[in-house]
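One structure is given below, encoded as structure tokens.
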Amino acid sequence: MYDLIEKKKHKSPLTEDEIRWMITEYTAGRVPDYQMSAMTMAIWFNGMTDEETTWLTMAMAESGEMLDLSSIPGTKVDKHSTGGIGDKTTLIVTPILAALNVPTAKMSGRGLGFTGGTVDKLESIPGVRSEFSEEEFLQIVREVGFIDAAQTKALAPADKLLYALRDVTATVDSIPLIASSIMSKKLAAGADRIVLDVKCGSGAFMGDFESARALADQMIRIGELAGRKVVAVISDMNQPLGHAVGNTVEVLEALEVLKGAGEERLRTLCLAIATEMLQLSDQARGSREEAEAAIKAAVSSGAAYEKFVEYVRAVGGDESYIRNAAEQIGQKQISNSGESQGQDTAQDIAQCMEGAFPVSSVQQEQPVYVYAEKEGYLSSCNNAEVGMTSVMLGAGREKKDDVIDMEAGILILKKLGDYVKKGEPLAVFYTKRMEMLPAAKERFLVAYEISPERPETVPVILEILGSSK
Ligand code: URA
């Protein structure tokens, strides 16, 4: 290991055998953390070639079980987001794809720090399980058409060890290390094709477009070298996606989109990701327009929503909880003639949180509104701070074993570019931690800048690139 560190320190590329040896020995506990820390820091400074990054990815993917999805008919298309705030796209696109006969066998993470996790969001539905035996996992995909399960411990154990080490040695933010970490899990999870949602902005690992693009390019190249087709959607994460940040609130917002309404940027991103997934699958349509039309039809016919309900039932969840919520949201949508947007859609969710829906057990006297302290345009957002505000309210974890309050969260009423008057509500907070409210409000208000000039509008989709482009 000493020789390998020395090599990397002097910018010499490592060979495939050296990388394999290093990962095998580290996973077995025969290379100590202090040597691996020196190696990750040398990689942080000196980078890796495409070949090295691919060998590292493969070595980590093969460090544990490799899932065999061959018993599921059809091309399996996986999706992965590099992590963000209010990102509930998986909850929306996987049932849409299932309704179009494209199976997804997805393993997702739990939330940590300012980023939320799909598995936590799903577990906010009473009864929903996310840990399964391999047999059960495959059976659910075969029967329902998709699964959003927690990642098993047996998958890519080398990445688990290495990620924990990087987390405490300031070496997370290295493109070859992030790319190999993400892609090792995707390859071990067995998908044929992969759509990556690479987030870019103040609530993402990659703060600027150039680094997001470099990460996307790197992951596409790894996928190609490993024989997979990969498409990356680079999307804006300079403000929360949609209105809801939390767990129950995000499920409600996902239901709203599955019911054919919802906030525009969220809908746009879901449509783009679902289109890329459909076009990579064996159900691909002749053109992008046809694919988009098929996706919209899967939503408007109610097929995607019914798939979601079917999934909840299959994993032990309370179907009536979902139907009840969707009905309240649906009624509002009909009275809004189907295409409600902006604040209206946030109000639907707020009504659901406060109304007859079971989550009205939220133990606070009133929903807590946060008001603008001055007039002007919402011109920028420190999105990570919004994420951390939701953690303060109880919606996320600061440490891995913190317990989440599923009903805690934030409903964002205004988006960047909106004009607000002094005293107008910017957000609704849901929390049982009343003692945290003053500090949480302060943190939230500081996260947003209000200025006299209208900011330039940044589209939610910044670029789509990949194998088939
Ligand atoms: N997500 C991962 O899985 N790994 C990283 O290194 C960063 C984000």
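When residue 305 is evaluated against the numbered criteria (1) of a type in the set (Ser, Thr, Tyr); (2) closer than 23 Å to residue 128 by Cα; (3) surrounded by fewer than 23 Cβ atoms within 10 Å (Cβ to Cβ), which criterion, by number, is the only one it fails?
Every condition holds for residue 305 apart from (3).
List the strands (runs of 3 or more DSSP E) that sit entirely inside the stretch 392-469 and contain at least 3 residues that are farther than 15 Å from residue 367 by Cα and in contact (Cβ under 8 Å) with a residue 24 or more places away in the chain. Steps first, answer last, please.
Values: elements: 409-412, 425-430, 448-451, 461-466.
Passing ranges, in order: 448-451, 461-466.
List the residue pairs whose Cβ atoms are under 9 Å apart, where the first residue sits in the stretch 252-279 and is touching a residue at least 12 places away in the same chain (Cβ under 8 Å) and on the phi > 0 side of the Ramachandran plot, the second is open to solvent by 20 Å² or more (accessible area, probe 1.4 Å) and part of a helix (DSSP H, G or I), and the two are 6 or more positions apart or on different chains.
260/296; 260/299; 260/300
Return only the number of the condition from (1) at pLDDT below 95; (2) within 24 Å of the chain's Cα centre (by Cα) that residue 328 does not satisfy.
(2)
For residue 234, indicate whether it is open to solvent by 10 Å² or more (accessible area, probe 1.4 Å), within 16 Å of the ligand (Cβ to nearest atom) and over 25 Å from residue 309 (Cα atoms). Explain how you work it out, then say what you get.
Working: open to solvent by 10 Å² or more (accessible area, probe 1.4 Å): no; within 16 Å of the ligand (Cβ to nearest atom): yes; over 25 Å from residue 309 (Cα atoms): yes.
Spelling it out, it is not the case that residue 234 is open to solvent by 10 Å² or more (accessible area, probe 1.4 Å), within 16 Å of the ligand (Cβ to nearest atom) and over 25 Å from residue 309 (Cα atoms).
Please find, among 202, 174, the residue that is of a type outside the set (A, V, I, L, M) and open to solvent by less than 10 Å² (accessible area, probe 1.4 Å).
Values: 202 fails: open to solvent by less than 10 Å² (accessible area, probe 1.4 Å).
Of 202, 174, the one residue that is of a type outside the set (A, V, I, L, M) and open to solvent by less than 10 Å² (accessible area, probe 1.4 Å) is 174.
Could you count how many residues in the stretch 205-217 are open to solvent by 10 Å² or more (accessible area, probe 1.4 Å) and in a helix (DSSP H, G or I)?
Here the count works out to 6.
Taking the criterion of being in contact with a strand residue (DSSP E or B) (Cβ under 6 Å, 6 or more places away or on another chain), at pLDDT below 95 and either within 16 Å of the ligand (Cβ to nearest atom) or part of a loop (DSSP other than H, G, I, E, B) (or both), would at least one residue in the stretch 108-115 satisfy it? Explain how you work it out, then say what you get.
Taking the stretch 108-115 and keeping what is in contact with a strand residue (DSSP E or B) (Cβ under 6 Å, 6 or more places away or on another chain), we get 108.
Keeping just the survivors that are at pLDDT below 95 gives 108.
Going one step further and asking which of them are either within 16 Å of the ligand (Cβ to nearest atom) or part of a loop (DSSP other than H, G, I, E, B) (or both), we end up with 108.
Yes: the stretch 108-115 contains one or more residues that are in contact with a strand residue (DSSP E or B) (Cβ under 6 Å, 6 or more places away or on another chain), at pLDDT below 95 and either within 16 Å of the ligand (Cβ to nearest atom) or part of a loop (DSSP other than H, G, I, E, B) (or both).
How about the stretch 25-41: which of its residues are surrounded by 14 or more Cβ atoms within 10 Å (Cβ to Cβ) and under 12 Å from residue 1 (Cβ atoms)? Working first, answer last.
Of all residues in the stretch 25-41, those surrounded by 14 or more Cβ atoms within 10 Å (Cβ to Cβ) come to 25-27, 31, 33, 35-41.
The answer is 25, 26, 31, 33, 35, 36, 37, 38, 39.
Output the number of the condition that residue 221 fails; it satisfies all remaining conditions of (1) part of a helix (DSSP H, G or I); (2) within 13 Å of the ligand (Cβ to nearest atom); (3) out of contact with any Ser or Thr (no Cβ under 7 Å at 6 or more places or on another chain).
(2)
For the list (1) of a type outside the set (Lys, Arg); (2) in a loop (DSSP other than H, G, I, E, B); (3) at pLDDT below 95, I need the number of the one condition that residue 102 fails.
In the conditions (1) of a type outside the set (Lys, Arg); (2) in a loop (DSSP other than H, G, I, E, B); (3) at pLDDT below 95, residue 102 misses (3) alone.
Taking the condition assigned to a loop (DSSP other than H, G, I, E, B) and modelled with pLDDT of 95 or more, does residue 227 pass? Walk me through how you get there before you give the answer.
On the way: assigned to a loop (DSSP other than H, G, I, E, B): yes; modelled with pLDDT of 95 or more: no.
So residue 227 fails the test.
What are the residues in the stretch 178-194 that are within 10 Å of the ligand (Cβ to nearest atom) and not small (Gly, Ala, Ser), if any? Working first, answer last.
At the first step, the residues of the stretch 178-194 found to be within 10 Å of the ligand (Cβ to nearest atom) are 178-186.
178, 182, 183, 185, 186 - these are the residues of the stretch 178-194 that are within 10 Å of the ligand (Cβ to nearest atom) and not small (Gly, Ala, Ser).
Please state which of the following conditions residue 436 fails to meet, knowing it meets all the rest: (1) of a type outside the set (Gly, Ala, Ser); (2) modelled with pLDDT of 95 or more; (3) touching a helix residue (DSSP H, G or I) at 6+ places or on another chain (Cβ under 6 Å); (4) over 29 Å from residue 327 (Cα atoms).
Every condition holds for residue 436 apart from (2).
Is it the case that residue 85 is away from the ligand (no atom under 16 Å from the Cβ) and open to solvent by less than 20 Å² (accessible area, probe 1.4 Å)?
When the stated conditions are applied, residue 85 does not pass them.
Name the single residue that is farthest from the ligand (Cβ to nearest atom) among those in the stretch 131-177 being of a type in the set (D, E, K, R) and within 20 Å of residue 23 (Cα to Cα).
Step one: filter the stretch 131-177 for residues of a type in the set (D, E, K, R), giving 131, 134-136, 142-143, 148, 153, 159-160, 166-167, 173.
Keeping just the survivors that are within 20 Å of residue 23 (Cα to Cα) gives 153, 159-160, 166-167, 173.
Details: 153: 15, 159: 7, 160: 10, 166: 7, 167: 9, 173: 9 Å.
That would be 153.
The values are calculated or read from the model by the stated rules, or taken from the named source; none is laboratory data. Given the structure is predicted, the values throughout are model-derived calculations rather than measurements. Note: ideal-geometry Cβ built from the backbone for every residue, glycine included; neighbour counts use all protein chains shown. Just the protein is used for accessible areas: all its heavy atoms, side chains included, with ligands, DNA and RNA removed. Shrake-Rupley method; radii C 1.70, N 1.55, O 1.52, S 1.80 Å.
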